[in-house]
Amino acid sequence: MVTIGLFDSGFGGLTVVRELNKQLPGAGVEFYGDNGRAPYGPLSREQITGYVRQILDFLSNKNIDAAIMACNTATAAAFDRVKDKYSFPLLGVIEPGIKGALAATRTKKIGVVATQFTIKSGAHKLGIQSLDPAVEVIGQACPQITQLVESGLTAGPEVDKAVSGYLGKFEGSGIDTLVLGCTHYPVLLDPIKRYLADGVTIVDPAVGTVAELKELIGSKVANAGSVIPTYNFYTSGDPHLFARVGSAILGWPIERVQKVVL
Ligand code: DGL
């Protein structure tokens with residue numbers, strides 16, 4: 001079996017696991033959700049990098065063939081620092097978001113919603129403008145969205161209020177493309193669609209990230225034959241909450257979650 005390690009500060013990374021299951025159903029998964037220390041958005045680069053190293057060390061003992069940092073904040077903070085330090089290939093989610101946005105925009109005005117850290121780092125803006133300096137990038141931090149998803153609240157008036165408030169910032173901006181630059185945000189795709197101006201293309205970087213992974217190891221997965229892949233989930237938070245919220249995000253039941261505090 002080919003196994004992919006993935007991690008996030010919490011539940012957001014499961015939107016990447018869901019995409020992995022869609023594009024590479026034959027691959028196994030070792031997923032670590034650092035829910036006990038989420039959110040990463042308000043933390044410093046040093047703190048986030050320290051957590052990323054701990055998690056990658058943990059995953060590297062799980063016999064994985066590749067890993068995805070299924071967290072934009074972790075990617076923005078630490079990808080360059082850790083990418084060559086492990087024996088398996090490591091993918092981040094920022095670059096696929098950048099490429100997806102550049103492929104989609106016609107007006108050359110792109111919106112990015114992400115955590116405070118990711119927006120402050122300018123990771124998307126710098127990456128987009130290094131490829132096309134004529135593109136205007138408007139960033140908006142949406143910290144409350146992560147908190148809502150982490151508490152298992154994914155619909156209702158509180159969610160609508162937060163989403164409409166954040167997306168209202170793009171009114172009249174002329175953006176035709178919005179990057180969901182935090183893996184928690186696709187969980188709220190329905191309200192996001194509802195409060196986003198008509199005709200704006202939404203880019204979920206998970207799609208491009210898994211497509212990149214498929215290029216890298218797709219043939220290995222195919223050659224592994226028809227073994228039923230194993231999905232293992234670990235959390236530093238509450239395993240019961242993880243099973244409940246995680247099952248809703250994935251769309252299938254998570255049977256077992258192990259508590260692992262690093
Ligand atoms: N899911 C994360 C991301 O993609 C981080 C959310 C948080 O912990 O603040 O950026």
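The values are calculated or read from the model by the stated rules, or taken from the named source; none is laboratory data. Note that this is a predicted model, so its numbers are computed, not measured. Cβ sites come from the backbone with ideal geometry, for glycine too, and all protein chains shown count toward neighbours. Please note that ligands, DNA and RNA were not included when accessible areas were found on the heavy atoms of the full protein model with its side chains. Shrake-Rupley method; radii C 1.70, N 1.55, O 1.52, S 1.80 Å.
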*Residue that is surrounded by the fewest Cβ atoms within 10 Å (Cβ to Cβ) [pool: residues in the range 45-76 that are more than 10 Å from the ligand (Cβ to nearest atom) and not in a helix (DSSP H, G or I)]*: Asn61
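Would you check if Lys109 is surrounded by fewer than 24 Cβ atoms within 10 Å (Cβ to Cβ) and within 14 Å of the ligand (Cβ to nearest atom)? Working first, answer last.
Working: surrounded by fewer than 24 Cβ atoms within 10 Å (Cβ to Cβ): yes; within 14 Å of the ligand (Cβ to nearest atom): no.
When the stated conditions are applied, Lys109 does not pass them.
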*asked:* Name the single residue that is surrounded by the fewest Cβ atoms within 10 Å (Cβ to Cβ) among those in the range 22-44 being modelled with pLDDT of 95 or more and among the small types (Gly, Ala, Ser).
replied: Ser44
_Selection status of Ser130, outside any loop (DSSP other than H, G, I, E, B) and over 17 Å from the mean Cα position of the chain (by Cα)_ = yes
*Taking interchain pairs and intrachain pairs at least six residues apart, which have beta carbon atoms under 8 angstrom, with the first residue in the range 77-103 and within 14 Å of the ligand (Cβ to nearest atom) and the second open to solvent by 40 Å² or more (accessible area, probe 1.4 Å) and of a type in the set (Lys, Arg)?*
Ala77/Arg45; Ala78/Arg45; Ala78/Arg53; Gly92/Lys83
*Confirm whether Tyr32 is assigned to a strand (DSSP E or B) and away from the ligand (no atom under 12 Å from the Cβ).*
yes
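Across the range 203-251, what is the total count of residues that are part of a loop (DSSP other than H, G, I, E, B) and either aliphatic (A, V, I, L, M) or without any contact (Cβ under 8 Å) to a residue 24 or more places away in the chain (or both)? Break it down stepwise before answering.
Looking only at the range 203-251, we keep the residues that are part of a loop (DSSP other than H, G, I, E, B), and these are 204, 224-230, 236-238, 251.
Filter once more, so that each one left must be either aliphatic (A, V, I, L, M) or without any contact (Cβ under 8 Å) to a residue 24 or more places away in the chain (or both): 224-225, 227-228.
Looking only at that region, the number is 4.
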